């Protein structure tokens, strides 16, 4: 019988601590930790605009890619459609994006509004400040390498 090194210790009903020793190197945990830290930095710097970093990213994507379906935007952002829909609701309430019916009842089209474009104009200098902080701290070459590696991580997960 093949044993699993994550077996429960039958004596005290606990996982073997040695089996868990490799977990701090978990790619998922560490990538999420870094993402939370970077998001917090950008959120703090963007705070005067009332736009969070995640909302800024959605506004940028909608502005750059033009009107698109919720499904397409979710795919671009590697997001679940329901998560995207939940994140779009505050932007829609603020009048920064418009969600319209698509070619059939199942499709909804997202577009940035004039107010959303104005919000981006106001947020962009603060985003640049956050970005400059990261570039200064890591260096341009290192950041470019990290971004390339992250793109490869995304590709790796999509090809499983």
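Every read-out reported here was derived from the displayed coordinates using simple, explicitly stated rules and does not represent laboratory data. Remember, it's a predicted structure, so these values are computed and weren't measured experimentally. Because the Cβ atoms are built from the backbone with ideal geometry, glycine has one as well, and the counts that use them run over all protein chains shown.
Using alpha carbons only, how many degrees (0 to 90, rounded to 10) separate the axis of helix 53-65 from the longest principal axis of the chain? It is inclined by approximately 60 degrees.
Inter-label distance, residue 103 to residue 81: 1.5 nm, where each label sits 7 Å from its Cα along the C-beta direction. Rounding to the nearest 10 and keeping the result within 0 to 90°, find how far the Cα-based axis of helix 114-138 lies from the longest principal axis of the chain. Between helix and principal axis, roughly 40 degrees. Principal-axis analysis of the Cα atoms of the chain puts helix 27-46 at an angle of about 30° to the longest axis.
Taking only C-alpha pairs under 8 Å that are 6+ residues apart, what is the relative contact order of the chain in percent?
Over the chain, the number comes to 18 percent.
Dividing the helix sum by the residues of the chain, where each DSSP H run of 4 or more adds -39500 (n - 2.57), gives a mean residue ellipticity at 222 nm of -20500 deg cm²/dmol. Summarising the label geometry, the points placed 7 Å from Cα in the beta-carbon direction at residue 150 and residue 124 lie 2.1 nm from one another.
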